[in-house]
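Student: Sending over a structure as structure tokens; questions will come in a sec.
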Amino acid sequence: MKTVIVTGMPRSGTSWLGQIVNSDPAVAFRTEPLFAYRFKNRLHPDDSDQAISAFLTDLLAADDDDFLMQRHLVASGAYPAFTKTAPSVLAYKTSRHHELLERFLTSSLDIHIVGIVRHPCAAMNSWIHSHREFAKKGCEIDKDWRSGACRKDGVGEYWGFDDWLAVTERFVELADAYPERFTLVHYAQLLQASVATSQWIFERAGLQWTAQTRGFLETANEHHHDDPYAVFKDRSVSDRWRDELDPVLANTIIRETRERGLDQFLDDTDFDL
């Protein structure tokens, strides 16, 4: 069975993109499997194809796991409830374990990875203003914005601006090295041209485009759900960092992003603040 992995840094749109993929009626969708208790850190970069295949088989069968299925978010309205048919594709979303991505791509298994990158200031600002992921974890802006150390409580965790730089560089490398198996998506492009960009993703990942996906895209930005993990958000959330993020910090992030040659993930209007 084909597997599609939706991945990116935390607070970068992986949940929204994951639900776009989930809107394919033939997709069996799971969330953060290697963080879930049942499969916690089960895979490693040196695992065999057989070990990866066994994990995916077990993951497909785990539809009784409320966390993997995110049933609480569906029940609250933060996630949509999609109509499903018999599955022909397994998909999952994750913002963890980026060290495994190339191993998936070099395997003989039918795996396609979709990596999403959000403007670094928007991603950092979203994390800083997520109470459950920042303040509740004891994080402090001055101490933790760069390293994300306050949020790293195990292997496979990627938080903070230094990780944004490293992961984004890796995504660019993987997209160049595995052009048929890795699709690189800009969050801003998905936001601005949701239907066209999603159709492109579906074509590359081998998914089927139906009225269910188009309907979800048409309604996703029509109302705002306050749950920080909700996929129904007002489009204005994309630019909140311009008013909320400290200008000195934003300037540092933009400058260092340019210095690393990652200008493509900035806006044309970005300038030194």
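Bear in mind that the values in this text are calculations on the coordinates, not laboratory data. These numbers were taken from a predicted model, which means no experiment stands behind them. Don't worry about glycine lacking a Cβ; one is built from the backbone with ideal geometry, like all the others, and counts go over all protein chains shown.
Student: At most 15 other Cβ atoms within 10 Å plus a DSSP loop assignment makes a site exposed; report the longest stretch of the chain without any exposed GluC sites (Glu not before Pro).
Tutor: Longest stretch, sites excluded: 1-139.
Student: A further question follows. Kindly state, as a whole number, the per residue volume in cubic angstrom of the convex hull around the alpha carbon atoms of the stretch 23-102.
Tutor: Enclosed volume per residue, from the Cα hull, is 102 Å³.
Student: Additional query: Which loop trypsin sites (Lys or Arg not before Pro) in the stretch 47-121, with loop taken from DSSP, have no more than 16 other Cβ atoms within 10 angstrom of their Cβ?
Tutor: Those that pass, being in a loop and sparsely packed, are K84.
Student: From the backbone phi of the stretch 32-39, what are the Karplus-calculated ³J(HN,Hα) couplings (6.51 cos²θ - 1.76 cosθ + 1.60, θ = phi - 60°) in whole Hz, Gly and Pro given as x?
Tutor: 6, x, 7, 9, 5, 4, 5, 10
Student: Using only the Cα atoms of the chain, what do you get for the radius of gyration and for Dmax, in Å?
Tutor: Using the Cα atoms of the chain, the pair Rg, Dmax is 17.8, 52 Å.
Student: DSSP loop trypsin sites (Lys or Arg not before Pro) in the stretch 127-219 with at most 15 other Cβ atoms within 10 Å of their Cβ, which ones?
Tutor: For trypsin sites (Lys or Arg not before Pro) across the stretch 127-219 that sit outside H, G, I, E and B with at most 15 neighbouring Cβ atoms in 10 Å, the list reads R132.
Student: Shifting gears a bit: Give the long-range amide H neighbours of V185: residues separated by 5 or more places, or on another chain, with amide H under 5 Å away, using H modelled in the peptide plane at 1.01 Å from N.
Tutor: Long-range HN contacts for V185: G115, I116, V117.
Student: Based on the Cβ-Cβ distance of A75 and K152, what FRET efficiency does E = 1/(1 + (r/R0)^6) give at R0 = 25 Å, to the nearest 0.05?
Tutor: 0.25
Student: Here is a further query. Treating the angle as unsigned and between 0 and 90°, give the value, to the nearest 10°, between the Cα long axis of helix 49-60 and the longest Cα principal axis of the chain.
Tutor: So the inclination is approximately 90 degrees.
Student: Also, I was wondering about something else. Under a cut-off of 17 Å between alpha-carbon atoms, report the lysines in cross-link reach of K143, not counting same-chain residues fewer than 8 places apart.
Tutor: Within reach: K152.
Student: Trypsin sites (Lys or Arg not before Pro) within the stretch 1-69: which are DSSP loop residues with at most 14 other Cβ atoms inside 10 Å?
Tutor: Those that pass, being in a loop and sparsely packed, are K40.
Student: Additional query: Compute the label zone of D64 within the stretch 85-105: residues whose backbone N is under 20 Å from the point 7 Å along Cα-to-Cβ.
Tutor: 87
Student: Quick one: grab the alpha carbon gyration tensor of the stretch 77-184, order the square roots of its eigenvalues as a ≥ b ≥ c, and give me rounded if a/c is under 1.5, else prolate or oblate depending on whether a/b is larger than b/c.
Tutor: Taking the square roots of the gyration eigenvalues as a ≥ b ≥ c, the stretch 77-184 is oblate.
Student: While we're looking at this one, here's another question. Collect residues whose amide H, placed 1.01 Å from N in the peptide plane, falls under 5 Å from the amide H of F82; neighbours closer than 5 in sequence don't count.
Tutor: Residues meeting the amide H criterion: none.
Student: Tell me what the chain gives for mean residue ellipticity at 222 nm when only DSSP H runs of n ≥ 4 count, each as -39,500 (n - 2.57), the sum divided by the residue total, rounded to 500 deg cm²/dmol.
Tutor: About -11000 deg cm²/dmol.
Student: Something else about it: Given the options T14, T94, T219, which has the most mean-square fluctuation in a GNM of the chain, springs set between C-alpha atoms less than 10 angstrom apart?
Tutor: T219
Student: So, one more: List the relative contact order of the chain as a percent without decimals, with contacts defined as Cα pairs under 8 Å and 6+ residues apart.
Tutor: 26
Student: Per residue of the stretch 114-119, what does 6.51 cos²θ - 1.76 cosθ + 1.60 with θ = phi - 60° give for ³J(HN,Hα)? Whole Hz please, x for Gly and Pro, Karplus curve as stated.
Tutor: Going residue by residue, I get 10, x, 10, 10, 9, 3 Hz, with x marking Gly and Pro.
Student: Same structure, new question: Just how large is the dipole of the chain about the Cα centre, in debye to the nearest 20, putting +1 at every Lys and Arg Cβ and -1 at every Asp and Glu Cβ?
Tutor: My answer is approximately 540 debye.
Student: What cysteines in the chain have no other cysteine with a beta carbon less than 4.7 Å from their beta carbon?
Tutor: Within the chain, the cysteines lacking a partner Cβ under 4.7 Å are C121.
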